[in-house]
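Novice: Take this structure first; my questions come after.
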Amino acid sequence: MKKDDIKIEHLVPTFKDARRRTRGDVDNINFELDPKYLNLGIGKKYLIQTYGCQANEADSEVMAGILEKIGFEKTDSPETSDLIILNTCAIRENAENRIWGEIGRLSHYQKTNPDLIIGLAGCMPQEPGVVERILKKQHAVGLVFGTHNIHLLPEYIYDAYLSKERVIQVYSKEGEIIENLPKIRNHKFKAWVNIMYGCDEFCTYCIVPYTRGKERSRLPEDIIDEVKKLVSEGYQEVTLLGQNVNAYGKDFIDLEYTLGDLLFDLDKTGIPRIRFTTSHPRDLDLKTILAMKELKSVMPHLHLPVQSGSNEILRRMNRKYTKEVYMEKVNLLKEHVKGISITTDIIVGFPNETTEDFNQTLDLVKEANFEGAYTFIYSKRKGTPAATFPDDVSDEVKKERLLKLNEFINAGFKKGNERFLNEVLDVLVDGPSERDEEVLAGYTPHNKLINFKGPKSLIGQIVKVKVTKALTWSLQGKLCQDER
Ligand code: SF4
């Protein structure tokens, strides 16, 4: 096939299409690789840079799986790359600004390697404004695809190489479920397992429903088979992923099956540890809480984003619960799951947030006793309803509120660590600690980071460690005698 035979129409996203939601079944497609792409990457190297959430990390594992299936080899340096994919996040403005800077930096490598393709993937390409900017200004970017068509990567690379033209293919749609995707997992003992995709919550500040499509749950048997395979490969821990995992199964037409049911079934696979994220307070149900109570494999930690402690702000965020309902769920968790660790997400400086609204957030933080939180200053996202809300809160006040909030959160973090002093805990050993190669790092069932001395042969195993010191953000410990 000659270069001129290939004419590629750019496919650009629109918010109108991205907003659409219809009831009805979702297509479940089995990934199959067209043999004509099998050797496309022979002699070529790829580099994937991942930004943002666990969903992006899981998507990058799929991109790597597909690229290696068509012959590419992994590299860690842009100098030796023939294809660099930036798997991007659109949740906040500064995340996007970093990407524009990174494209500029990477474009210099095209001087020494003119065939180097720089690709943009993930949530940023799902924003119409981003694709316009790429078309007008970012000429170094030769490949753009979104969150709905990762499985078509071989075709896009084929077209890009053959046509020497830019390939821009971004779908704004509700989305399908693609099964049987190859993966190169980042870890050999803990794994991300998608259980659902997309989000229908439409919180007014959030771009995710527009970038990831409608809520669609994978079939239970596909998830259970994936976890069974991981168990057979010696994996110790799975984290079930979804933008709102508590809505798992709500979209099934003729099947009554929820996250709680899935947890009970996954427990039977023999996987030692199960975590799940991200939860939505409105959809957190008793069955899930009872699964956390009764199943030893389900870890006693829940990340439950609250975002604000003011009902007025929660209303304008379209979070669909009040602080009272949120606290009822927190108390139900604490009643059933003794010693559970609860962490959260909080946004300060939402448009027109009053001092009183903010104080109500601080009150809720105290009442809920969070043991950690991701805290952010509100970031306006073009295309979301909140981006049009009047905002009389100055940046200075927003920064002051974030500092104040972090004081409360750090106090909760430390208190949450101190309760484990002198306890012997089961730790899944992740690897060497970031600060000291001679020290190991791992996570306890309550998702506490702990550092301790021990042989590297313990990496990937669950070992007993006695807690000797509690710091604000981590624990220090001593490997128990019989583990040496
Ligand atoms: S639940 Fe809300 S904040 Fe979370 S991904 Fe969905 S829309 Fe965004």
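The values are calculated or read from the model by the stated rules, or taken from the named source; none is laboratory data. Please read these numbers as outputs of a predicted model, since none were measured by experiment. No Cβ is skipped: glycine too gets one built from the backbone with ideal geometry, and neighbour counts run over all protein chains shown. Heavy atoms of the whole protein, side chains included, go into the accessibility calculation; ligands, DNA and RNA do not. Shrake-Rupley method; radii C 1.70, N 1.55, O 1.52, S 1.80 Å.
Novice: Is it the case that region 9-22 has a residue that's in contact with an Asp or Glu (Cβ under 9 Å, 6 or more places away or on another chain), in contact (Cβ under 8 Å) with a residue 60 or more places away in the chain, open to solvent by 80 Å² or more (accessible area, probe 1.4 Å) and under 30 Å from E132 (Cα atoms)?
Specialist: There is at least one residue in region 9-22 that is in contact with an Asp or Glu (Cβ under 9 Å, 6 or more places away or on another chain), in contact (Cβ under 8 Å) with a residue 60 or more places away in the chain, open to solvent by 80 Å² or more (accessible area, probe 1.4 Å) and under 30 Å from E132 (Cα atoms).
Novice: Filter region 273-289 down to residues that are surrounded by fewer than 16 Cβ atoms within 10 Å (Cβ to Cβ) and closer than 24 Å to V231 by Cβ, then give me how many there are. Don't jump to the end; show me each part of the working.
Specialist: As a first pass, look at region 273-289 and keep what is surrounded by fewer than 16 Cβ atoms within 10 Å (Cβ to Cβ): 285-287.
Going one step further and asking which of them are closer than 24 Å to V231 by Cβ, we end up with 287.
Looking only at that region, the number is 1.
Novice: Continuing with the same structure: Kindly evaluate T147 against the criterion of being within 16 Å of the ligand (Cβ to nearest atom) and in the same structural domain as S107 (by TED's automatic domain parsing). Give the steps one after another, and end with the answer.
Specialist: On the way: within 16 Å of the ligand (Cβ to nearest atom): yes; in the same structural domain as S107 (by TED's automatic domain parsing): yes.
Spelling it out, T147 is indeed within 16 Å of the ligand (Cβ to nearest atom) and in the same structural domain as S107 (by TED's automatic domain parsing).
Novice: Of all residues being part of a loop (DSSP other than H, G, I, E, B) and more than 13 Å from the ligand (Cβ to nearest atom) in region 235-247, which is least open to solvent (accessible area, probe 1.4 Å)? Just the residue, please.
Specialist: Residues of region 235-247 that are part of a loop (DSSP other than H, G, I, E, B), as a first pass: 235-236, 242-244.
Of the ones still in play, those that are also more than 13 Å from the ligand (Cβ to nearest atom) are 235-236.
Numbers: Y235: 21, Q236: 45 Å².
This residue is Y235.
Novice: Out of the residues in region 34-47 meeting the condition of being without any contact (Cβ under 8 Å) to a residue 60 or more places away in the chain and part of a loop (DSSP other than H, G, I, E, B), tell me which one is least open to solvent (accessible area, probe 1.4 Å). Walk me through how you get there before you give the answer.
Specialist: Here is the first cut: in region 34-47, the ones without any contact (Cβ under 8 Å) to a residue 60 or more places away in the chain are 35, 38-39, 42-47.
Checking which are part of a loop (DSSP other than H, G, I, E, B) leaves us with 38-39, 42-44.
Working: L38: 80, N39: 113, I42: 105, G43: 76, K44: 60 Å².
Among them, the one singled out is K44.
Novice: Among the residues of region 125-141, write down those that are in contact with a Phe, Trp or Tyr (Cβ under 9 Å, 6 or more places away or on another chain) and assigned to a helix (DSSP H, G or I).
Specialist: Scanning region 125-141 gives P125, Q126, P128, R133.
Novice: Being in contact with a Gly (Cβ under 9 Å, 6 or more places away or on another chain), β-branched (V, I, T) and assigned to a loop (DSSP other than H, G, I, E, B) narrows it down to one of I271, I253, so name that one.
Specialist: Details: I271 fails: in contact with a Gly (Cβ under 9 Å, 6 or more places away or on another chain).
Residue meeting the stated conditions: I253.
Novice: Starting from residues that are in contact with a Gly (Cβ under 8 Å, 6 or more places away or on another chain) and free of Cβ contacts under 8 Å to residues at least 60 places away in the same chain, keep the ones in region 51-81 and report whichever is most open to solvent (accessible area, probe 1.4 Å).
Specialist: E73
Novice: Go through (1) at pLDDT below 95; (2) out of contact with any Phe, Trp or Tyr (no Cβ under 7 Å at 6 or more places or on another chain); (3) closer than 27 Å to P209 by Cβ and name the single condition A95 misses.
Specialist: Failing condition for A95: (2).
Novice: Looking at region 248-264, which of its residues are more than 15 Å from I289 (Cα to Cα), open to solvent by 40 Å² or more (accessible area, probe 1.4 Å) and more than 16 Å from the ligand (Cβ to nearest atom)?
Specialist: I253, D254, L255, E256
Novice: Which of the helices (runs of 4 or more DSSP H) found entirely inside region 305-416 contain at least 1 residues meeting this: of a type in the set (F, W, Y) and buried (at least 20 other Cβ atoms within 10 Å of the Cβ)? Give the steps one after another, and end with the answer.
Specialist: Numbers: elements: 311-316, 323-336, 355-368.
Where helices (runs of 4 or more DSSP H) fall fully within region 305-416 and carry at least 1 residues being of a type in the set (F, W, Y) and buried (at least 20 other Cβ atoms within 10 Å of the Cβ), they are 323-336, 355-368.
Novice: Counting just the residues of region 396-418 that are free of Cβ contacts under 8 Å to residues at least 12 places away in the same chain and over 27 Å from the mean Cα position of the chain (by Cα), which one comes out nearest to N369 (Cα to Cα)?
Specialist: Residues of region 396-418 free of Cβ contacts under 8 Å to residues at least 12 places away in the same chain: 396, 400, 403, 407, 411.
If we keep only those that are over 27 Å from the mean Cα position of the chain (by Cα) as well, we get 396, 400.
Numbers: E396: 27, E400: 22 Å.
So the residue we want is E400.
Novice: Another question, then. Identify all residues within region 48-104 that are assigned to a helix (DSSP H, G or I) and of a type in the set (K, R); write none if there are none. Spell out the reasoning first.
Specialist: Residues of region 48-104 that are assigned to a helix (DSSP H, G or I), as a first pass: 54-69, 78-80, 93-104.
K69, R98, listed by residue number.
Novice: Shifting gears a bit: Can you find a residue that is surrounded by 17 or more Cβ atoms within 10 Å (Cβ to Cβ), touching a Cys at 6+ places or on another chain (Cβ under 8 Å), in a strand (DSSP E or B) and modelled with pLDDT of 95 or more anywhere in region 114-122?
Specialist: Filtering region 114-122 for residues surrounded by 17 or more Cβ atoms within 10 Å (Cβ to Cβ) gives 116-122.
Next cut, touching a Cys at 6+ places or on another chain (Cβ under 8 Å) only: 122.
Applying the additional criterion that residues be in a strand (DSSP E or B) yields 122.
Retained after the next criterion (residues that are modelled with pLDDT of 95 or more): 122.
Yes, region 114-122 contains at least one residue that is surrounded by 17 or more Cβ atoms within 10 Å (Cβ to Cβ), touching a Cys at 6+ places or on another chain (Cβ under 8 Å), in a strand (DSSP E or B) and modelled with pLDDT of 95 or more.
Novice: Given the residues R282, R273, which is the only one that is within 15 Å of the ligand (Cβ to nearest atom) and either of a type outside the set (D, E) or at pLDDT 95 or above (or both)?
Specialist: R282
Novice: Which ones in region 303-323 are in contact (Cβ under 8 Å) with a residue 12 or more places away in the chain and away from the ligand (no atom under 15 Å from the Cβ)?
Specialist: Selection gives G309, S310, N311, E312, K323.
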